[in-house]
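These notes concern the structure reproduced below.
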Amino acid sequence: MTAEATQSDDIPSATAGQQRYTAIAIALHWAIALLIIGMIAVGWIMEAMPGGPGSPKIAIIQIHKAVGITILMLTIARIIWRVMNPPPAEPPMPKWQSLLASSVHILLYVLMVAMPLTGWIMASAEIDQHDTRYFGTFEMNVPGIPGLPAETREGMADGFEQVHSNLAWVIIGLLVLHVAGAVKHQFIDKDGLLARMAPGLFGRTAGPVDDGQGGIWAFGAAALIFAAIAGVSLSAPSAGTAPTTPAAEESQTPVSNAPAWTVDYEKSAILFRSGYMGQPFEGRFSKWTAQIQLDAAAPANPDKPIDGYIRVVIPMSSAQTGEPYYDENVGQGDWFDVAKHPEAVFEVTGGVFKDSDTQYEATGILKLKGVDHLVRLPFTLKIDGQTATAHGETTLKRLALGVGAETLTEAKGDAEYVQDDVLVVIDIVATRQ
Ligand code: HEM
Ligand code: HEM
């Protein structure tokens, strides 16, 4: 059906004669355009925002992620609608212009998919960040990613963050060309092109070729994809949880065949050192258990890990600083939240790097307050007969681990209250079993 064009004196005939896009194409074009422009602005603002206590940064990132996933679903609907409903014939223009316009349109479609997808892959791969929840409801991750090994996910998150950030510039470049083209056509060529996408605002047009068909398919497919991914995410492990080896989790059966070591707890210690108002303080965990297997006799090789498995379980209520005031607070909600998360677990499943005869490095997952963090622990190890003496140190950022953030807010953001850096010192003496 071709709608009748009503001509009036103040509208150039070309404008009035142009057929416009279907209402659905127009609505999707502007909804997605506004959302994308808003997302770029918000993306940059949140990047520049300081994180930490009291900052709305995390809440804004969560909104950014949920709106981004929505854009992706709308884009899927739009592409299907576009395939089922070709746009009206374009106004006469030189071939190069028509080619340029089509190329920019295709690239814009590619970017409308790539931009949210790269962000979503990054967010699903991130281990330390907060789960991607759809507007605070259920978790939504790109299927398959939360199940990947922690190191692969870390690399993916870094790589895709770069791509996500760079693509914003690509989309801006395309948008400049796109808007320049639309404005040129509308105001220089006066061929009513802008009116095809914004009827009413830039002059009258003829109606669309027809009202279009396939809305059920376009929106139905997008809704189905959304539901399928939500379903997979709900049944898969959380993005914040790196995959733990089921054998190690369930039955405590070692995942390694390396010799086991029995820890002498009398001679071993896990200490933490930090600062309070500029004054250093030291604490220790009075209770913990460690399951250690390590093929310490294997030759050193910085490129390939030696066989090993480490699992340290620390009851958080055993943290002691020797200072009653700290000890009273340290188990509280905002610090270690002992009531909800009684234990912290550090587990190394991927073997241990032996860089030299005495220098080792273990990379594992520290599960603290229900969230997994990738932690590298370099340590020295000396073997004397059947006895091994290990010393390792690693600096953790307690705010990044979600420890004591609220307390800082109460203290009006005084970051010197308790220093962010916490040095964890591990001394272990063990005998070969
Ligand atoms: C991020 C923002 C935007 C994106 C991703 C975007 C994307 C697109 C795409 C993919 C098309 C091709 C539709 C098709 O034929 O399949 C299109 C058409 C169009 N866009 Fe945009 N657009 C954006 C912003 C804008 C803005 C700000 C304007 C205003 C100047 C505009 C004006 C138009 C016009 C007039 C058309 C129709 C062109 C024609 O009739 O051939 N767009 N847009
Ligand atoms: C069309 C959709 C999107 C646009 C235009 C967009 C744009 C941006 C921009 C411009 C930034 C700042 C980049 C920088 O300067 O480094 C950003 C950051 C970010 N985006 Fe998106 N984004 C989109 C979709 C998504 C989606 C779907 C997700 C996740 C589900 C996401 C997750 C993130 C995250 C987590 C950051 C912060 C990166 C960081 O950790 O520093 N984005 N986004």
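The values are calculated or read from the model by the stated rules, or taken from the named source; none is laboratory data. Just so you know, these numbers come straight off a predicted model, no measurement behind them. All Cβ positions, even for glycine, are placed from backbone atoms using ideal geometry, and neighbour counts span all protein chains on display. What goes into the accessible areas is simple: the full protein's heavy atoms, side chains included, and nothing from ligands, DNA or RNA. Shrake-Rupley method; radii C 1.70, N 1.55, O 1.52, S 1.80 Å.
So which residues in the stretch 148-170 are under 27 Å from L234 (Cβ atoms) and surrounded by 15 or more Cβ atoms within 10 Å (Cβ to Cβ)? Passing the criteria: L148, A150, R153, E154, M156, A157, F160, E161, H164.
In this entry, R196 is excluded by the filter for residues that are within 11 Å of the chain's Cα centre (by Cα), part of a helix (DSSP H, G or I) and crowded, with 18+ Cβ neighbours inside 10 Å. Considering A77, A123, A101, which residue is within 9 Å of ligand 2 (Cβ to nearest atom) and among the aliphatic types (A, V, I, L, M)? Within the list A77, A123, A101, the selection yields A123. Apart from one condition, I229 fits all of (1) free of Cβ contacts under 8 Å to residues at least 24 places away in the same chain; (2) within 16 Å of ligand 2 (Cβ to nearest atom); the exception is (1). The listed residues are A123, A114, and the only one of them that is outside any loop (DSSP other than H, G, I, E, B), within 14 Å of ligand 1 (Cβ to nearest atom), of a type outside the set (V, I, T) and open to solvent by less than 30 Å² (accessible area, probe 1.4 Å) turns out to be A114. Looking at this structure, is D210 open to solvent by 20 Å² or more (accessible area, probe 1.4 Å), in the same structural domain as L72 (by TED's automatic domain parsing), closer than 18 Å to I26 by Cα and not in a helix (DSSP H, G or I)? For D210, the condition - open to solvent by 20 Å² or more (accessible area, probe 1.4 Å), in the same structural domain as L72 (by TED's automatic domain parsing), closer than 18 Å to I26 by Cα and not in a helix (DSSP H, G or I) - is met. Scan the stretch 382-405 for residues that are touching a Phe, Trp or Tyr at 6+ places or on another chain (Cβ under 9 Å) and farther than 20 Å from F272 by Cα and the total you get is 1. Return the pair list, or none, for Cβ contacts closer than 6 Å from residues in the stretch 64-83 that are assigned by TED's automatic domain parsing to the domain that holds V113 and among the basic types (K, R) to residues that are more than 10 Å from ligand 2 (Cβ to nearest atom) and at pLDDT 95 or above, at least 6 apart or on different chains. Once the first residue is assigned by TED's automatic domain parsing to the domain that holds V113 and among the basic types (K, R) and sits in the stretch 64-83, its partners that are more than 10 Å from ligand 2 (Cβ to nearest atom) and at pLDDT 95 or above give R78/L28.
Give the number of residues within the stretch 370-402 that are open to solvent by 70 Å² or more (accessible area, probe 1.4 Å), within 26 Å of P50 (Cβ to Cβ) and touching a Ser or Thr at 6+ places or on another chain (Cβ under 6 Å). Result for the stretch 370-402: 1. Cβ-Cβ contacts under 7 Å between residues 6 or more apart (or on different chains), taken from a first residue in the stretch 173-201 that is in the same structural domain as A89 (by TED's automatic domain parsing) to a second residue that is open to solvent by less than 50 Å² (accessible area, probe 1.4 Å) and within 16 Å of ligand 2 (Cβ to nearest atom), are listed as L174/L108; L174/L111; H178/L108; M197/H29.
Taking the stretch 359-369 as the range and being over 21 Å from the mean Cα position of the chain (by Cα) and open to solvent by 60 Å² or more (accessible area, probe 1.4 Å) as the test, only Q359 passes. Would the stretch 168-176 turn up any residue that is under 27 Å from G220 (Cα atoms) and either of a type in the set (G, A, S) or modelled with pLDDT of 90 or more (or both)? Scanning the stretch 168-176, I find no residue that is under 27 Å from G220 (Cα atoms) and either of a type in the set (G, A, S) or modelled with pLDDT of 90 or more (or both), so the answer is no.
If you check T70, T75 for being of a type outside the set (A, V, I, L, M) and touching a helix residue (DSSP H, G or I) at 6+ places or on another chain (Cβ under 6 Å), only one passes: T75.
Might you check whether a residue that is more than 16 Å from ligand 2 (Cβ to nearest atom) and open to solvent by 50 Å² or more (accessible area, probe 1.4 Å) occurs anywhere in the stretch 53-69? Yes, the stretch 53-69 contains a residue that is more than 16 Å from ligand 2 (Cβ to nearest atom) and open to solvent by 50 Å² or more (accessible area, probe 1.4 Å). Within the stretch 87-105, which residues are more than 16 Å from A195 (Cβ to Cβ) and either touching a Phe, Trp or Tyr at 6+ places or on another chain (Cβ under 9 Å) or surrounded by 10 or more Cβ atoms within 10 Å (Cβ to Cβ) (or both)? Result: Q97, S98, L99, L100, S102, S103, V104, H105. Here the condition is being among the hydroxyl-bearing types (S, T, Y), closer than 20 Å to V418 by Cα and open to solvent by 30 Å² or more (accessible area, probe 1.4 Å); of Y265, Y276, it holds for Y276 alone.
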